[in-house]
Amino acid sequence: MAAPLIEMAHKKPGRRKSDPALNRLAPEDQAAHAWYRFNLSFPPHLVRDYLADFGIAPGKRVLDPFCGTGTTVVECKKLGIEAEGTEANPMAAFASGVKVDWSVSHRAVVEFAEEVAAAALQRLDREGVADSDPLHEMRGRRAAPILLGLPHECHALLLENSISPRPLHKALVLLEEIDRRSARRAHPHARLALARVLVNDASNLHFGPEVGVGPPKADAPVVEPWRLLMREIGSHVAILKDRADVHARVRLADARSAMKLLEPGSIDAVFTSPPYPNEKDYTRTTRLESVVLGFLRDMKELRSFKQGLVRSNTRTVYKADDDDQFVAGNRKVQALAEETERRRIEMGKTSGFERVYHRVTRLYFGGMARHLAELRPALKPGAMLGYVVGDQASYLRVMIRTGELLAEIAQGLGYDLVRIDLFRTRLATATREQLREETVVLRWPG
Ligand SMILES: C[S@@+](CC[C@H](N)C(=O)[O-])C[C@H]1O[C@@H](n2cnc3c(N)ncnc32)[C@H](O)[C@@H]1O
């Protein structure tokens, strides 16, 4: 049955649905959310709107199975609502876990920041490396400093030129000083702050929206932006401390197989944005900070990390993958995959990536079917679910209506389709068509 389509566009009269502001973090939402965030995460107000719509209040428990950098779990905790998250990317799982840890005191964070910054600056000064004033360094110039670097197998994982040698050196010195104090309460917050500084201040990366490498910076301050961010985190935990005891837990786990870790019948609502088949490689988005902070040490670890993800791009497909079996009987998914392969052959496209487009399509929807099937025992009867997904046309311009297909798969697994809301649209450069980003609203009847 076709679902009614409700255009929400986030309830701001006159706001265009392609307006990038729909995604931005509002100034009043900065606390915890801003500590570290994927640039395309959905905004906290979207979570609030759906929790209100689902009738979720304190006393209820919400799950985000693809929790990324934690917008849902953070927002729930802010509202006094219990939250569970799972995430397969170790860097993102770490970030979400820290973002819901508000039991550290303001003082502990600020003292840690001042002590570590002083120690790192002293060390850099002895080596003749200035954090933020290279001119000053030139004036008092001694022999060229010996810069720290990453072990070869780690460096090989980075996107080429993603960070220049001098900012990397400063980040590694700072990290050593942070990790020397690993027993302190503010230690995880300090590592997370370094992750954000690495990306936002120290690196040559840009996000537009895919991660790319811009012109290399010869140098960039690292210690000072980190110290300032730590002070901001300190002031945020002071604001959030009243909610520090509200349960919020994030597990490093695969949402296709780990839903059994959740207590049966414990989840009142799900709000999430799973990956969709858009060629986005989440392992590249977080590569620099994952490597520097030691979450990713060699090719083997990268491979096992990729294997824990829903297949949503051609770089993370393996021979043994078999999630496609979960949609073997779905005619629409099969027809879409066949059309993609037919078009590839007609167009004479033969690259390794193009040859697996049809396979990723099946594996993606199969992985989501597996997740939705696994999830059922954890849900309370009547639980409401919101899945934010987008259409795609990047596989030889074949339109993949992700929301529609996901809704159909969910219905086949016993979920009720409540409606599909339009969140925003974006123009597909290849087809000049508007691609829809939607929230598929489901209900688990029990
Ligand atoms: C669109 S992002 C979620 C962004 C999130 N809403 C936020 O606030 O940052 C999708 C996330 O799903 C994660 N993911 C992909 N496959 C997964 C799986 N099998 N299990 C758990 N997480 C997975 C990715 O690593 C990525 O972080």
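The values are calculated or read from the model by the stated rules, or taken from the named source; none is laboratory data. The structure displayed is predicted, hence computed values, not measured ones. Cβ: placed from backbone, ideal geometry, glycine included. Neighbour counts: every protein chain shown.
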* Structure fact -> Taking the stretch 308-335 and keeping residues under 22 Å from residue 272 (Cβ atoms), of a type outside the set (D, E, K, R) and out of contact with any Ser or Thr (no Cβ under 8 Å at 6 or more places or on another chain) leaves 308, 310, 312, 313, 326, 327, 330
* If you go through the stretch 87-135 one residue at a time, how many are surrounded by 20 or more Cβ atoms within 10 Å (Cβ to Cβ) and within 16 Å of the ligand (Cβ to nearest atom)? -> 13
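Answer yes or no: is there a residue in the stretch 270-283 that is modelled with pLDDT under 95, closer than 20 Å to residue 73 by Cα and within 16 Å of the ligand (Cβ to nearest atom). Write out each step before concluding.
Just the residues of the stretch 270-283 that are modelled with pLDDT under 95, to begin with: 275-283.
Now narrow it down to the ones that are closer than 20 Å to residue 73 by Cα: 275, 282.
Retained after the next criterion (residues that are within 16 Å of the ligand (Cβ to nearest atom)): 275, 282.
Checked the stretch 270-283: at least one residue is modelled with pLDDT under 95, closer than 20 Å to residue 73 by Cα and within 16 Å of the ligand (Cβ to nearest atom).
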* Structure fact -> Checked 303, 311, 297, 359 against criteria (closer than 27 Å to residue 40 by Cα, assigned to a loop (DSSP other than H, G, I, E, B), more than 13 Å from the ligand (Cβ to nearest atom) and of a type in the set (Lys, Arg)); the one match is 297
* To do: Restrict the check to the stretch 366-373 and report whether at least one residue is within 13 Å of the ligand (Cβ to nearest atom) and of a type in the set (Lys, Arg).
  => yes
* To do: Can you run down the residue pairs with Cβ atoms below 8 Å, 6 or more apart or on separate chains, where the first is in the stretch 244-267 and part of a helix (DSSP H, G or I) and the partner is within 10 Å of the ligand (Cβ to nearest atom) and modelled with pLDDT of 95 or more?
  => 259/65; 259/86; 259/371; 261/86; 261/251; 261/253
* **In the stretch 30-57, the residues that are without any contact (Cβ under 8 Å) to a residue 60 or more places away in the chain, surrounded by fewer than 19 Cβ atoms within 10 Å (Cβ to Cβ) and under 17 Å from residue 243 (Cβ atoms)** => 48, 57
* Structure fact -> For the stretch 386-405, the count of residues that are within 14 Å of the ligand (Cβ to nearest atom) and part of a strand (DSSP E or B) equals 6
* To do: Give me a count of the residues in the stretch 267-291 that are farther than 16 Å from residue 95 by Cα and among the hydroxyl-bearing types (Ser, Thr, Tyr).
  => 3
* Would you check which residues across the stretch 278-328 are of a type in the set (Asp, Glu) and in contact with a Lys or Arg (Cβ under 7 Å, 6 or more places away or on another chain) and list them? => 281, 321, 323, 324
* **The one condition in (1) farther than 27 Å from residue 53 by Cβ; (2) among the aromatic types (Phe, Trp, Tyr); (3) within 13 Å of the ligand (Cβ to nearest atom) that residue 318 fails to fulfil** => (3)
* Asked: Can you find a residue in the stretch 325-344 that is farther than 18 Å from residue 391 by Cα, within 15 Å of the ligand (Cβ to nearest atom) and either touching a His at 6+ places or on another chain (Cβ under 8 Å) or not in a loop (DSSP other than H, G, I, E, B) (or both)?
  -> yes
* Asked: Can you name the residue in the stretch 1-33 that is under 10 Å from residue 424 (Cβ atoms) and assigned to a loop (DSSP other than H, G, I, E, B) and is also modelled with the lowest pLDDT among such residues?
  -> 8
